[in-house]
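Heads up, the thing below is written out as structure tokens.
The values are calculated or read from the model by the stated rules, or taken from the named source; none is laboratory data. No experiment lies behind these values; they were computed from the predicted model shown. Note that each Cβ is placed from the backbone with ideal geometry, even for glycine, and that neighbours are counted across all protein chains shown. Ligands, DNA and RNA are stripped out before the accessible areas are found, and what is left, the full protein with its side chains, is counted by its heavy atoms. Shrake-Rupley method; radii C 1.70, N 1.55, O 1.52, S 1.80 Å.
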Amino acid sequence: MLSPTLGENSWKMIARASEEGIAKDIWKVGDEIDIVLTGDYKGSITAQIAGFGHDDLVEGGKAGITFLSKQVLSGGMMSDAKSTTITGWEVTLMRSQVMPKIRASLPTDLQKCIKTVLKSSSKGTVSDGGNFVTEDDVFIPSLSEVLSSDSIDQKGPSNFPVYDYAKHAKKDGNKYDVFRSDGDIQKTSQVGSGAVDWWTRSAVYYGTNCFCMITGGAKFDAKQHYNSSNVCFGFCI
């Protein structure tokens, strides 16, 4: 029997409710469940329901539930400092190396329930390089999945070229329902040391190849890909 308290259910039970399309009738956006990580990432982290029926499944249809981590992990750089050409999320070390390590650190019963979804991401080019789509099982949010278009206009640095994010980062998917206020956007580390910066997968050209980063003040900035920051990760079941 499914419990209305999310954390009292097994991942297999949650996944079944998701697949049957009844999850939204039992739980709500923002509901939490604790996860114990092992392997490269150790300790506890809380996952929140970010939205229902939000992400597109590779096989068609929508994923029943998307989860995002309430705290961030220390993920490091998007790409190696030696990289000279950054075309976006698709070719980052964050996607090819860090995400698989995070996935492998999740409980085995959860890993079995994770669905592969399609994620749109902007390219870090001056010209209108557009957006591309990748197939991801564990991912980080895009700028537009965290902030609405109006918020992107209001919360960006004053010297940030409008062209760069208006044509690219604003098209990286729709905002998750869990991001209702600045408090929802602000994230702490696993040890709760106050609001910290964290990466998004939206690439922009900001004098050099950069990715958008959510700041501790619930605003955003653009940082070079080889800067180090934290990771809010997500997955769908």
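Figures for the structure shown
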quantity	calculated
Two-site label geometry, Val36 and Lys24: point separation in nm, points 7 Å out along Cα→Cβ	3.4
Rounded to whole Hz, the Karplus (6.51, -1.76, 1.60) HN-Hα couplings of segment 98-112, x for glycine and proline	6, 4, x, 5, 5, 4, 5, 7, 6, x, 4, 5, 6, 3, 5
Order of exposure, largest accessible area first, which applies to Ser74, Ser121 with probe 1.4 Å	Ser74, Ser121
Highest-fluctuation residue, Glu19, Glu32, Glu59 considered, GNM on the chain with Cα pairs under 10 Å	Glu59
Accessible-area order (highest first, 1.4 angstrom probe) of the listed residues Tyr226, Tyr41, Tyr176	Tyr226, Tyr41, Tyr176
Taking N as its residue count, the alpha carbon Rg of segment 24-128 over 2.2 N^0.38 Å	1.22
Computed accessible area, Lys115, all protein chains, 1.4 angstrom probe, square angstrom	60
Vicinal HN-Hα couplings computed from phi for segment 210-218 (Karplus, 6.51 cos²θ - 1.76 cosθ + 1.60; Hz; Gly/Pro x)	9, 10, 6, 10, 7, 8, x, x, 6
The chain: equivalent-ellipsoid semi-axes (sqrt of 5 x gyration tensor eigenvalues, Cα, Å)	28, 18, 17
Segment Val58-Arg180, extension gain: residue separation times 0.36 nm, minus the distance between their alpha carbons	41.2 nm
Cross-link reach list, lysines versus Lys155, counting only Cα pairs under 22 Å and skipping chain neighbours closer than eight places	Lys70, Lys123, Lys167, Lys170, Lys171, Lys175, Lys187, Lys219, Lys223
Built amide H within the under 5 Å cut-off of Gly76, gap 5+	Ser229
Å² per residue, accessible surface of the chain at 1.4 Å	43
List Glu90, Glu8, ordered by accessible area with a 1.4 Å probe, largest first	Glu8, Glu90
